[in-house]
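Structure, as structure tokens:
The values are calculated or read from the model by the stated rules, or taken from the named source; none is laboratory data. Model, not experiment: these values are computed from the prediction. Because the Cβ atoms are built from the backbone with ideal geometry, glycine has one as well, and the counts that use them run over all protein chains shown. The accessibility values were calculated without ligands, DNA or RNA, using every heavy atom of the protein model including side chains. Shrake-Rupley method; radii C 1.70, N 1.55, O 1.52, S 1.80 Å.
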Amino acid sequence: MFDVFLSHSSRDKDLVLGAKKVIEDAGYTVYVDWIDDAQVNVVADRALADRLRRRMGQCSSLFYLHTPNAALSKWCPWELGYFDGLRSPEAAVFVFPVLSTGQRYKGQEYLDLYDTVDLPNWRPPRRSPRSRRPGAIDERLFDGAPGMLWRPGGRIF
């Protein structure tokens, strides 16, 4: 089990190492595919997708390491979407922007769906046994009132 699945572009290895260290220094465990599964051949195929799905199932949250390279990646948005569907409605996906000093964060519009990481105040979400099952959509979504869908931060009618 890991606290964080760090979604990133393979072109950002130095930044990934720095982000991993920052997160671990805050007391959390971090999964990075090419570090934790270094022995596995990384070929973009069904086996890689299955391995990433299994690993995402072992993580409480996903941090999307937002860089110019991640914006061009085909895998980063796939990981983000898969994890979001896996953990929904729990708030488990966060954008971790990498910025130069004085630079403002501006992500692609779909990234506005997610909060940015506030690491000093962040805590991994608690996972109920039911939430570990991919695709488990059930009474967790309802707060007791028919037609009321619960979501962190409010209700959706």
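Values for this structure:
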read-out: ASP118, sole failed condition from (1) among the acidic types (Asp, Glu); (2) crowded, with 16+ Cβ neighbours inside 10 Å; (3) under 16 Å from ILE23 (Cβ atoms); value: (2)
read-out: Of all residues making up the range 5-18, the number that are of a type in the set (D, E, K, R) and either open to solvent by less than 30 Å² (accessible area, probe 1.4 Å) or not in a helix (DSSP H, G or I) (or both); value: 1
read-out: Residues that are open to solvent by less than 50 Å² (accessible area, probe 1.4 Å) and basic (Lys, Arg), drawn from the range 84-109; value: ARG87
read-out: Helices (runs of 4 or more DSSP H) wholly inside the range 19-83 that include at least 2 residues being open to solvent by 50 Å² or more (accessible area, probe 1.4 Å), closer than 25 Å to GLY107 by Cα and not β-branched (Val, Ile, Thr); value: 68-72
